[in-house]
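Here is the structure we will look at.
The values are calculated or read from the model by the stated rules, or taken from the named source; none is laboratory data. Model, not experiment: these values are computed from the prediction. Cβ placement follows ideal geometry from the backbone for every residue including glycine, while neighbour counts extend to all protein chains displayed.
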Amino acid sequence: MNEDRLDRVLVLIDEANAQDPNSEVWRGESYPKELLYGMRMTEWLDRLYPDAPDLLHIAARGQHIRRWEVPRQTYPDTREGYLQWRSYLYGFHADCVAQLMTQAGYDPIDIERVRKVLQKRGLKNDPDVQSIEDVACLVFLDYYFVAFAAIHDEEKLIGIVRKTWKKMSEHARSRALELEFPESVRALLATALEAV
């Protein structure tokens with residue numbers, strides 16, 4: 001594929017995510033939260049699937065594009081509300097990335113492929129969708145799970161770990177088992193994975 005076109009769309013995605021008003025400090029430097037998330041998705045895609053095609057790089061970088069524009073609080077604080085929010089976000093992210101791909105000169109077939117991946121259509125059956133889900137799960141476990149575990153009760157965490165594990169391929173699971181966690185989190189993960 002055209003490297004200039006790929007570089008252009010990744011820059012456009014980064015520019016969009018750089019507008020995130022929320023920030024996160026990483027290694028002493030402050031980043032817009034979703035810009036940092038996109039960088040982490042790219043990093044894990046390169047580690048897990050080093051030969052991933054360009055379209056997967058676009059999907060990985062755009063996984064959370066402009067997410068702050070649709071806060072969780074805009075949906076009811078229930079399981080059903082959470083699922084509605086996530087479902088809406090799949091389409092929202094796909095639409096945002098599709099617009100930028102059009103701007104960068106991608107054809108409708110490539111754009112539709114990335115849309116399908118971002119909408120998570122075909123998880124477990126479509127290797128590209130599975131790859132992006134694997135990467136998202138590893139980013140969560142590697143960068144966000146320890147802080148997440150600190151503010152949620154054990155029962156909820158065990159359920160989340162089990163759901164995350166079920167979504168991952170064996171390849172991603174093997175990499176997840178190599179991650180380093182504090183002892184308290186390791187014990188919780190061991191409990192969660194006993195029955196999986």
* Asked: Name the pairs whose Cβ atoms lie under 8 Å apart, with the first residue in the range 11-32 and over 15 Å from W68 (Cβ atoms), the second of a type in the set (S, T, Y) and part of a strand (DSSP E or B), and 6 or more positions between them or separate chains?
  -> V25/Y31; S30/S23
* Asked: Going by the structure shown, is G91 more than 22 Å from K163 (Cα to Cα) and in contact (Cβ under 8 Å) with a residue 12 or more places away in the chain?
  -> no
* Residue identified as surrounded by fewer than 19 Cβ atoms within 10 Å (Cβ to Cβ) and in the same structural domain as G38 (by TED's automatic domain parsing) among G91, G159 -> G91
* Structure fact -> Counting only helices (runs of 4 or more DSSP H) wholly inside the range 98-196, the ones holding at least 2 residues that are on the phi < 0 side of the Ramachandran plot and among the basic types (K, R) are 108-118, 154-167, 170-176
* Scan the range 141-148 and give yes if some residue there is within 27 Å of R173 (Cβ to Cβ) and not assigned by TED's automatic domain parsing to the domain that holds E178, otherwise no. => no
* Which one is nearest to the chain's Cα centre (by Cα), of the residues in the range 116-146 that are within 12 Å of I58 (Cα to Cα) and buried (at least 20 other Cβ atoms within 10 Å of the Cβ)? -> I132
* To do: Might you check whether a residue that is within 15 Å of the chain's Cα centre (by Cα) and aliphatic (A, V, I, L, M) occurs anywhere in the range 15-29?
  => no
